[in-house]
Amino acid sequence: MSGDRISKAQRWIDLIACLLGRRTPMTVEEIFQAVPAYRLKAGPDGAPHPASVRRMFERDKDELRDLGIPIDTVQFSINYGAERAAGYELRRGALYLPYLRVVEASGTGGAAPSAASADRPTFTRDELEVALGALREAAEIPHSPFAGETRSAYRKLAFDLDSVRERSAVRHLAPPGGAAVGAAARDLSDALRRRKRVEFRYHGMARGEATERDVAPYGLFLENGVWYLVGHDTLRDARRVFHVGRMDDLRVNASAPATPDYEIPGDFSLGDYVERESWQLGDADQAVIARVRFEHPLSLWADRNGYGVLEAEQEDGSAIRTFEVSHVRPFVLWLLGLQGEARPLEPAALVDELRSLAAEIARDHE
């Protein structure tokens, strides 16, 4: 029997079963001996060909990871802790998700979760229906790069519910260039997963010019319908945030596809960026300081919600607050939403932008 006669699907099943059957990580050599397709692929003298077997294993591992099988690369101790070795493991808890437990809402007479089921996620039916509604709406967003995954999550979550309340349909208008942004977000997500560098032409808002960028992606997130990439920018030699819609000619490093180009620093947290306002998501060296007057009582609202930094309080209860603004347009849109109760004082370019945008909106609604 030759290893070439064993199908790829069988190799995958054997590899998964091999890793699941072990409680400790396995070295590459142990995997080659345990999986028949790797063990049987030998030369005329009966000796295995490490290069060809290794290439087959790397392809299988990467393809299984693409399918969602979490094969982890780990470092572990051997020889009673005297040495360190590299290996692979497949944790059961990462592969098999626990069944959901649906209970009646608290106070309706339904049974409370028991201690025996404390390790199972427990939801009320109302909570699940809210989650299903959110997934349904997310799946309908035009050109979403993860629409397929969202629809899959919806089907899995709804499978055991005998009834799902229909909610009013939400109509989403596809933004200009949405298909290209969705494709770019998908490519960036793949580069981030494989830790591959990306290059692109970036059309900056502040300087109004295009520059070539070489970036190591650290994170990708969606904020107010806009995709952003966070990473280390070689041009600035610093971490930067990029508006995906302003990228052009995106290229993912194709050399050594199975080898990471970089490691994400341990002090990086995507949450530090997700919690920022949209006007703060940009190059810090292009930021401007905006001075805004908030009328009373909106001045109290701005203070309680931590918007800007207080510069001065007026006798009539109004207040002047300062903001660090990297993206002018999102900031101006936010000010317009405050219905004239927040007026920019400086810089002049920001004041002009607000007047221009307000006039444009008024013309559109004549």
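The values are calculated or read from the model by the stated rules, or taken from the named source; none is laboratory data. None of these values were measured; they are calculated from a predicted model. Here the Cβ is made from the backbone with ideal geometry for all residues, glycine too, and neighbour counts use every protein chain on show.
General remarks:
- From the options Asp267, Asp249, Asp233, Asp237, residue that is loosely packed, with under 13 Cβ neighbours inside 10 Å and touching a strand residue (DSSP E or B) at 6+ places or on another chain (Cβ under 7 Å): Asp249
- Annotation: of all residues in segment 169-198 being farther than 26 Å from Lys61 by Cα and buried (at least 16 other Cβ atoms within 10 Å of the Cβ), the one that is modelled with the lowest pLDDT is Gly178.
- Only one of Ala362, Ala284 that is of a type in the set (Gly, Ala, Ser), at pLDDT below 85 and exposed (fewer than 13 other Cβ atoms within 10 Å of the Cβ): Ala362
- Just one of the listed residues (Leu357, Leu335) is among the aliphatic types (A, V, I, L, M), closer than 13 Å to Arg291 by Cβ and surrounded by 13 or more Cβ atoms within 10 Å (Cβ to Cβ), namely Leu335.
- Helices (runs of 4 or more DSSP H) wholly inside segment 1-112 that include at least 1 residues being at pLDDT below 85: 36-40, 50-66, 92-95
- Matching option when the condition is in contact (Cβ under 8 Å) with a residue 60 or more places away in the chain, of a type in the set (Ser, Thr, Tyr) and under 20 Å from Gly231 (Cβ atoms), among Tyr262, Tyr273: Tyr262
- Any chance Asp248 is assigned to a helix (DSSP H, G or I), over 21 Å from Glu149 (Cβ atoms) and either among the charged types (D, E, K, R) or more than 14 Å from the chain's Cα centre (by Cα) (or both): no
- Gly340, sole failed condition from (1) free of Cβ contacts under 8 Å to residues at least 60 places away in the same chain; (2) small (Gly, Ala, Ser); (3) in contact with an Asp or Glu (Cβ under 7 Å, 6 or more places away or on another chain): (3)
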